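A.B. asks: This is the structure, below, for whatever I ask next.
Every number in this text was worked out from the coordinates using simple rules, so none of it is lab data. Model, not experiment: these values are computed from the prediction. Here the Cβ positions follow ideal geometry from the backbone for every residue, glycine too, while neighbour counts run over all protein chains shown.
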Amino acid sequence: MMISQWNANPTAYLDRPVREGPLSVSVEMFPPGTESGWRGFRRSLEQLSLLGPEFVSVTSGAGGGGSRKTLETIVKAKDGCDIPFAAHLTSIGKSRREVHGELDAAMGSGIRHVVALRGDLPRGRARHPEGYQSALELVRAMRSREEYENCSISVAAYPEGHPEAVSQEEETGYLRRKVDAGANRIITQFFFDTEVFAVFMERIRSAGIDVPVLPGILPIVDFPKAVAFANKCQTRIPRWYHVMYRDLEQSVELHQAISVSIAVEQCRQLMALGVRDFHFYTLNRSELTVEVCRELGISPERPRASVEPGRSRPVKRIGQAASIAS
């Protein structure tokens, strides 16, 4: 099935030369909350590891535990696994001492990549008066301390705008300050409209932001959940998605096939913009991400360069000067 026939402007990407070079992937997972969830996590991680991901990021998760649960999950998952992990670290609602305690624990566990986030304030908690009030403050603090100098830092960006942003100009300026403070790469919120990402990239490159940008891809495992996620972060879902998935409720197999086709088409459009690295939001499910990567030519069991223990992976640039994604 050719998904591009439903896209608003599919031909806009056809005249762009696709930059040559290998594709790479990274994936996001979250801490499982139950033993059965942990078994599913391990199965998915085993399948995703065959793709040779650049890293696996682990979120703070839901249901409490915060960064402590993140670290526990990574330490447990690293047993017998040589994939580089990235720990999500949120600062809101914590004292600076708490944050640095979590960072020290991560460094002591061999983690050399942190996704620095402000985070959402847990219900019933207030901002800590002695805490870092933003991701920018967190990045600055990490780069000011010698013990974190070998730590790679990723930060978040929102192609369709952060829900709290006053304007695109303000948001772009804030992202620039996070990069100037020492962030190595940007991971975007998921999106479904490639043109939104193209405009976002033009805007941030024009602002002098030149670090690698990993577009967030969400293969749709559960459409109602995807809608809920999108509403929370103000991501637009094309109208035809609603029509398509409404008719797929009774067919799991067809649902998966359509979801794979949509994600593959999105990645190919991004490749036409010069993108070679993709960050998949897996929701702890490997099937769709593995199938999308297979369709893109990233076959399971492809080799991945090993990472020396205790060293951060060198940062790779995603594009070249002539590419919108550089």
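A.B. asks: Compute the length gained on full extension between V199 and R127: take 0.36 nm times their separation in residues and subtract their Cα-Cα distance, giving the result in nm to one decimal.
C.D. replies: Net length gain for the segment: 22.5 nm.
A.B. asks: Once the other residues with Cβ under 14 Å from the Cβ of A77 are scored (Lys, Arg +1; Asp, Glu -1), what is the net sum?
C.D. replies: Computed value for this residue: +1.
A.B. asks: Using 0.36 nm per residue of separation minus the Cα-Cα distance, give me the extension gain between S167 and C81 in nm, one decimal.
C.D. replies: Here the segment from S167 to C81 would lengthen by 26.7 nm.
A.B. asks: Under a straight-distance cross-link criterion of Cα-Cα below 18 Å, which lysines are reachable from K69, leaving out those fewer than 8 residues away in the same chain?
C.D. replies: K78, K94
A.B. asks: Now for a separate question. Tell me the volume per residue, in Å³, of the convex hull enclosing the alpha carbons of segment 3-295.
C.D. replies: Per residue, the Cα convex hull of segment 3-295 comes to 143 Å³.
A.B. asks: Please work out the FRET efficiency for the pair D222 and R43, using the Cβ-Cβ distance as r and a Förster radius of 22 Å; give the result to the nearest 0.05.
C.D. replies: Using R0 = 22 Å, I get an efficiency of 0.80.
A.B. asks: Here is a follow-up. May I ask you to evaluate 6.51 cos²θ - 1.76 cosθ + 1.60, the Karplus curve with θ = phi - 60°, for each residue of segment 185-195 and list the ³J(HN,Hα) values in order in whole Hz, giving x for glycine and proline?
C.D. replies: Residue by residue, segment 185-195 yields 7, 10, 10, 8, 4, 5, 8, 10, 9, 4, 4 Hz.
A.B. asks: Once the Cβ-Cβ distance between E146 and R68 is put in as r, and R0 is 35 Å, what FRET efficiency do you end up with, to the nearest 0.05?
C.D. replies: For R0 = 35 Å, the calculated efficiency reads 0.90.
A.B. asks: What ranking, highest mean first, results for peptides 188-201, 97-110 when packing means the other Cβ atoms within 10 Å averaged over each residue?
C.D. replies: Most protected by this proxy first, the peptides run 188-201, 97-110.
A.B. asks: Would you mind getting the Kirkwood hydrodynamic radius of segment 53-175 from its Cα pairs, rounded to one decimal in Å?
C.D. replies: 15.2 Å
A.B. asks: Here's a follow-up. Could you give the C-alpha radius of gyration of segment 137-264 expressed as a fraction of 2.2 N^0.38 Å, taking N as the number of residues it contains?
C.D. replies: 1.26
A.B. asks: Another question about this same structure. Using Cβ contacts closer than 10 Å as the measure, can you line up S36, S152 from fewest to most?
C.D. replies: Sorted ascending by nearby Cβ count, the order is S36, S152.
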